[in-house]
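K.L.:
To start, I am sharing the structure in question, which I have written as structure tokens.
The values are calculated or read from the model by the stated rules, or taken from the named source; none is laboratory data. Keep in mind it's a predicted model, so treat the numbers as computed, not measured. Cβ sites come from the backbone with ideal geometry, for glycine too, and all protein chains shown count toward neighbours.
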Amino acid sequence: MWERGKKIATAINNFNPDIIGISGMFFAQSGPFNRIAILAKKNIPDVVVIGGGAYPSSYQKQTLIDNESIDAIVIGEGELTMAKLIDNINDMKSVQGIWYRDKESHEVLFTGMQAPIDNLNNIPYPHRDLNNIYNYSKPVGYNYSERFELKRFIKSSIMYGSLSMPIVRNIFAKLFNFRHRNKKKALFMPYGFIVTSRSCPNRCTFCAIHKVWGTFYRMRSAQNILDEIDLLVKAGVKEIVIVDDNFTVSKSRTIKICKEVISRGYKIRFLTPSGVFLPSLDREVLEYMYKAGFRELNFGIENGNQQFLRKNIKKEIDLNQAKSVIAIAKEIGFVTGAFFIFGYPGETKQTMIDTLRFAFESKLHSARFYIYQPFPSTEAFQLAVDMNAIDKDFDLSKLKVMTDKVQIETKDFSKEDVRSIYNLAYDILNKKNYPEVKNNLAQLLSWEIV
């Protein structure tokens, strides 16, 4: 048994629960997710094991087929479904929003979707321990990609240790914040996380978010969000990380929140790591965001070919508008970045070069490049399957967003083609030499563009 497994087994035995819930946020967590379920049943054979989160919500029925230790999984939003499931644990078929294993027939059955929560204001705020706010700034993982990075591991270990000692952490945080006071990309401590909306108005074919939050985009009210921000500020939070998939969908809501933050005189910073909704951004909203404490903006642009972006990825972004918004944001003082994907099903070498060109010619401060990963239950995944493009040794447990592993190849590009342009993009980013190489991209890649 792995070391952490021993600790988990001890905790299970000491608590002796009737029900165990396991959250699987990513496909890369499927290994420990399944091991914990097996461990739970091994220690308490009669315990009911329930899974939830993005991974089982996307993988659905197959989650239970692959692991007989799991009794049910909650699909998507869990607040209402989980409460009803606990109340009807011996009558699972009466609870909507789950896949479950019938005790008699052992069939894996679906009860139908639970209706989404219309009013997010009715959901209580997360049960934070505001007296130990520094606990939420501790790094919970250092290895977000397949590569082990010693430097990142050491930094994370020092930070975790420093924030774990009450006498040291205040001094450590003040020194850290002072040292980074003029850096727009620094994450001030202590920081807190909030979610202000669910789902996404985009319909990107690579994304599985609608399997988790549904297709109906919903927002909390500005006042409800401001009340939570106030709680965090009073607890000593210096930066708030907004983890929505698209925070700025509503221009009026964004401005209202920013105006009130400015009016209250909060000395805090905001970060939107998953990106912002580009179509709603203009000079007015960007100026309010900057005054309120936003300093970095990331845009999910994905591809630099307008036709491919709309037809294949199905993302309604105007690339000319994107360039305009980037220019305005830089003028105001934002650090700008964007996300791009290489090796998409249906893509060609030309569209990949178009993406590379857009990334550098849009004058972003930085860019983050990804290699397409085929996440199940998405339209792009099915397209890759239909094209017989997915790698034969494809392993769901190895699926990571940040990886240099190429999972598909088509008649239009090989794995090596994708790896080459991915490496070239980062090489140009690091050397800042796009003007010198922009006319020789195909030659540098040894590609013949027809």
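K.L.:
Can you tell me which residues in region 203-245 are over 30 Å from Asn131 (Cβ atoms) and assigned to a helix (DSSP H, G or I)?
P.N.:
Once the filter is applied, which keeps residues that are over 30 Å from Asn131 (Cβ atoms) and assigned to a helix (DSSP H, G or I), region 203-245 yields Ile209, His210, Lys211, Val212, Trp213.
K.L.:
Let me spell it out: the conditions are (1) in contact with a helix residue (DSSP H, G or I) (Cβ under 7 Å, 6 or more places away or on another chain); (2) without any contact (Cβ under 8 Å) to a residue 40 or more places away in the chain; (3) under 22 Å from Leu309 (Cβ atoms), and Ile255 meets all of them except one. Which number is the exception?
P.N.:
(3)
K.L.:
Moving on to the next point. Quick one: in region 204-235, which of the residues that are closer than 17 Å to Ser250 by Cβ and hydrophobic (A, V, I, L, M, F, W, C) is surrounded by the fewest Cβ atoms within 10 Å (Cβ to Cβ)?
P.N.:
This residue is Phe216.
K.L.:
On to the next question. Given the criteria over 21 Å from Gln307 (Cα atoms), over 24 Å from the mean Cα position of the chain (by Cα) and in contact (Cβ under 8 Å) with a residue 24 or more places away in the chain, does Ile449 qualify?
P.N.:
In short, no.
K.L.:
If you scan region 413-436, which residues turn out to be more than 27 Å from the chain's Cα centre (by Cα) and crowded, with 17+ Cβ neighbours inside 10 Å?
P.N.:
Listed by number, the list holds a single entry, Phe413.
K.L.:
Just one of Ser30, Ser23, Ser58 is crowded, with 18+ Cβ neighbours inside 10 Å, under 28 Å from Leu120 (Cα atoms), in contact (Cβ under 8 Å) with a residue 12 or more places away in the chain and not aromatic (Phe, Trp, Tyr); which is it?
P.N.:
So the residue among Ser30, Ser23, Ser58 that is crowded, with 18+ Cβ neighbours inside 10 Å, under 28 Å from Leu120 (Cα atoms), in contact (Cβ under 8 Å) with a residue 12 or more places away in the chain and not aromatic (Phe, Trp, Tyr) is Ser58.
K.L.:
Let me ask another. How about region 87-129: which of its residues are among the aliphatic types (A, V, I, L, M) and either touching a helix residue (DSSP H, G or I) at 6+ places or on another chain (Cβ under 7 Å) or at pLDDT 95 or above (or both)?
P.N.:
The answer is Ile89, Met92, Val95, Ile98, Val108, Leu109, Ile117, Leu120, Ile123.
K.L.:
Okay, moving on. Scan region 189-201 and tell me whether some residue there is touching a residue at least 24 places away in the same chain (Cβ under 8 Å), assigned to a helix (DSSP H, G or I) and under 30 Å from Arg264 (Cα atoms).
P.N.:
no
K.L.:
Assess whether Ser362 counts as being over 17 Å from Lys315 (Cα atoms), buried (at least 18 other Cβ atoms within 10 Å of the Cβ) and out of contact with any Gly (no Cβ under 8 Å at 6 or more places or on another chain).
P.N.:
The answer is yes for Ser362.
K.L.:
Just a yes or no: is a residue in region 260-276 under 20 Å from Lys363 (Cβ atoms) and assigned to a helix (DSSP H, G or I)?
P.N.:
There is no residue in region 260-276 that is under 20 Å from Lys363 (Cβ atoms) and assigned to a helix (DSSP H, G or I).
K.L.:
Here is a list: Ile65, Ile70. Which entry is β-branched (Val, Ile, Thr), surrounded by fewer than 18 Cβ atoms within 10 Å (Cβ to Cβ) and touching a residue at least 12 places away in the same chain (Cβ under 8 Å)?
P.N.:
Ile65
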